[in-house]
1. Could you say whether any residue in the range A:133-156 is within 30 Å of B:Cys52 (Cβ to Cβ), over 11 Å from the mean Cα position of the chain (by Cα) and either surrounded by 17 or more Cβ atoms within 10 Å (Cβ to Cβ) or hydrophobic (A, V, I, L, M, F, W, C) (or both)?
2. Considering the range B:3-17 alone, what residues qualify as being of a type outside the set (A, V, I, L, M, F, W, C) and on the phi < 0 side of the Ramachandran plot?
3. Answer yes if at least one residue in the range B:277-287 is at negative phi, in a helix (DSSP H, G or I), acidic (Asp, Glu) and modelled with pLDDT under 85, and no otherwise.
4. Which of the residues spanning the range A:10-25 are more than 7 Å from chain B (Cβ to nearest Cβ), in contact with a helix residue (DSSP H, G or I) (Cβ under 6 Å, 6 or more places away or on another chain) and closer than 18 Å to B:Pro131 by Cα?
5. Just give me the residues in the range B:180-189 being under 14 Å from B:Ala148 (Cβ atoms) and touching a residue at least 24 places away in the same chain (Cβ under 8 Å), in sequence order.
6. With the structure loaded, tell me whether B:Asp68 is in contact with a helix residue (DSSP H, G or I) (Cβ under 7 Å, 6 or more places away or on another chain) and either outside the structural domain of B:Glu211 (by TED's automatic domain parsing) or without any contact (Cβ under 8 Å) to a residue 24 or more places away in the chain (or both) or whether it fails that test.
7. Show me the strands (runs of 3 or more DSSP E) entirely contained within the range B:1-109 in which 1 or more residues are under 20 Å from B:Ser150 (Cα atoms).
8. Which numbered condition trips up A:Gly87, out of (1) surrounded by fewer than 19 Cβ atoms within 10 Å (Cβ to Cβ); (2) within 14 Å of chain B (Cβ to nearest Cβ); (3) touching a residue at least 24 places away in the same chain (Cβ under 8 Å); (4) farther than 18 Å from A:Met238 by Cα?
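The values are calculated or read from the model by the stated rules, or taken from the named source; none is laboratory data. All values derive from a computational prediction rather than experimental measurement. Heads up, the Cβs are rebuilt from the backbone with ideal geometry, glycines too, and the neighbour counts pull from every protein chain shown.
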Amino acid sequence: MNTRAIWSIYRNEMMRFFRTILQSFISPVISTSLYFVVFGTAIGSRIDEVEGVTYAAFIVPGLIMLSVIMQGISNASFAIYFPKFIGTIYEVLSAPVNFLEVVVGYVGAAATKSLFIGLVILGTASLFVDLTIAHPLAMLLFLVLTCVSFALMGFIIGIWAKNFEQLQLVPMLIVTPLVFLGGSFYSISMLPPLWQKITLFNPVVYLISGFRWAFFEQADVPVGLSLLAIGGFTAICMAVIWWIFRTGWRLRD
Amino acid sequence: MAPILQVRDLKKIYDGGFEALKGVTLDIEEGEIIALLGPNGAGKTTLISTLCGITVPTSGSATVGGHDIQTDYRAARSMIGLVPQEISLEPFEKVINTVRLTRGLFGKRRNDAYLDEVLGKLSLLDKRNQPTKELSGGMKRRVLIAKALSHEPRVLFLDEPTAGVDVALRKDMWEVVAELKKSGVTIILTTHYIEEAEAIADRIAVINKGEILLVEETATLMARLGRKRLTIELREPIQSVPETLSAYDLELSEGGTDLTYTYDTHQEKTGITGLLAELSAAGLKLRDISTRQDSLEEIFVGLVQEGAA
């Protein structure tokens, strides 16, 4: 195991993050505040409670998930796409490293960044609403797993993308709708019965449900199923990346 | 001693069906400088990319220091430093950090003293903490060399090290390469500048259309293929070459004052004595005589044409 290579990639990626730490920190704070003003205050004042939790508090887990998923994807996809774009990918390809080392370095850094942003949002949210986290460890586990799995997905997108448009395509056309329709801002039980069934095909439902359970002990689907879903998703992404490195698809000629 | 780099029947066929390497076989000895000489699209970069792990070969094999580049890629790649043709550097990264990154990628313990020494050799020490985007093109190329040397490789690939570099910088680069050779590094460089290969390489491998046409000591190649041209300046212009001189296949210049005779230096009889005697017999008076050796450029064009025929 070339642990020095992993550390070098991780460190290099994190340095890029720290160069722009201020905007990395400020943008989630502002966007979270906006969500609270719009959803929490304007809309929340018209909705009493969702399953015993104030609406403002109810949306906190969904809000964190929304950002962490989008950040995980964009961080990781950019991290691997950028070297491809400017040509510096050659040194990773010619270095004595295997796929796991490259992935741990890049995805680890991307996941760390989105975890940081998730925690910033959690901190910002706690300024607006009273939050008690029923299962802090489970909350952290769900958060970390989500950061990692979507960073893995972003990594795949970054390798797949041939231009900047494609880099935005999957997050915009697939992930954003899935996250918004995945119960970030509502409970599945609020939907008509048919849509409740259809929604269960959306993988993001399981993530948000499990995450929300860690906060409020209420969930749309069983927690075990949530864990299974996120574990399965991570495994699929890893398998795809392993295949990419084995065949050199869009990396090596 | 076994060659440090052994390439055996290496083939690369791209997805589109383009055959970039048609079975390349090549041995490179430790400590030598070998130039891969060929026109654009000859397969030079594909060969280097394949040996470095950036391109996957279709068939054939290669070893670096006895380690197979595919089955034992970690050991093989650890020995290789690569300076790519395109200048590709992360623009906002400081010079020292980008060099540290490469060293780390190759699994070497951090050693800033060594890296500073490398930067010093490449006259980059005062640029150490500058973002790479602030450097000139020549300096950026030096940073790429510093990166390639950061992990103490035994084999260094330089892909077109002087492409797009002005004459002064090119000479500079040659000195850098000569310095590296002194430190015992084996250097494989690609170029389509013949004078570059001639100036710095111990051996030259001529490559065209994915095939190695020949591998020769630089001096031997010059001597073996070197043709000389003898130019005879006449005192009085003539209309046509006299019949008696037809055997020499002379070229007459436009003004009718210069006769050019081409001959092989390594032939037993160059025919010069005979020619001069015949000239005098034909009553032609000479003003001056000069000879010129073919440049590698001309030799090379000849080889490529031979290969195409």
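1. The initial filter retains those residues of the range A:133-156 that are within 30 Å of B:Cys52 (Cβ to Cβ), namely A:151-156.
Narrowing further to those that are over 11 Å from the mean Cα position of the chain (by Cα): A:155-156.
Okay, now just the ones that are also either surrounded by 17 or more Cβ atoms within 10 Å (Cβ to Cβ) or hydrophobic (A, V, I, L, M, F, W, C) (or both), so A:155-156.
Within the range A:133-156, one or more residues are within 30 Å of B:Cys52 (Cβ to Cβ), over 11 Å from the mean Cα position of the chain (by Cα) and either surrounded by 17 or more Cβ atoms within 10 Å (Cβ to Cβ) or hydrophobic (A, V, I, L, M, F, W, C) (or both).
2. Of the residues in the range B:3-17, the ones of a type outside the set (A, V, I, L, M, F, W, C) are B:3, B:6, B:8-9, B:11-12, B:14-17.
Result: B:Pro3, B:Gln6, B:Arg8, B:Lys11, B:Lys12, B:Tyr14, B:Asp15, B:Gly16.
3. In the first step, residues of the range B:277-287 are kept if they are at negative phi; the result is B:277-282, B:284-287.
Restricting the remaining residues to those that are in a helix (DSSP H, G or I) gives B:277-281.
Now drop any that are not acidic (Asp, Glu), which leaves B:278.
Now restrict to residues that are modelled with pLDDT under 85: none.
No: zero hits.
4. If the condition is that a residue be more than 7 Å from chain B (Cβ to nearest Cβ), in contact with a helix residue (DSSP H, G or I) (Cβ under 6 Å, 6 or more places away or on another chain) and closer than 18 Å to B:Pro131 by Cα, then A:Glu13, A:Met14, A:Phe17 are the ones that fit.
5. Going through the range B:180-189, the residues under 14 Å from B:Ala148 (Cβ atoms) turn out to be B:180, B:183, B:185-189.
B:Leu180, B:Val185, B:Thr186, B:Ile187, B:Ile188, B:Leu189 - these are the residues of the range B:180-189 that are under 14 Å from B:Ala148 (Cβ atoms) and touching a residue at least 24 places away in the same chain (Cβ under 8 Å).
6. Working: in contact with a helix residue (DSSP H, G or I) (Cβ under 7 Å, 6 or more places away or on another chain): yes; either outside the structural domain of B:Glu211 (by TED's automatic domain parsing) or without any contact (Cβ under 8 Å) to a residue 24 or more places away in the chain (or both): yes.
So B:Asp68 passes the test.
7. Details: elements: B:5-13, B:19-28, B:33-37, B:59-64, B:80-83.
Where strands (runs of 3 or more DSSP E) fall fully within the range B:1-109 and carry at least 1 residues being under 20 Å from B:Ser150 (Cα atoms), they are B:33-37, B:59-64, B:80-83.
8. (3)
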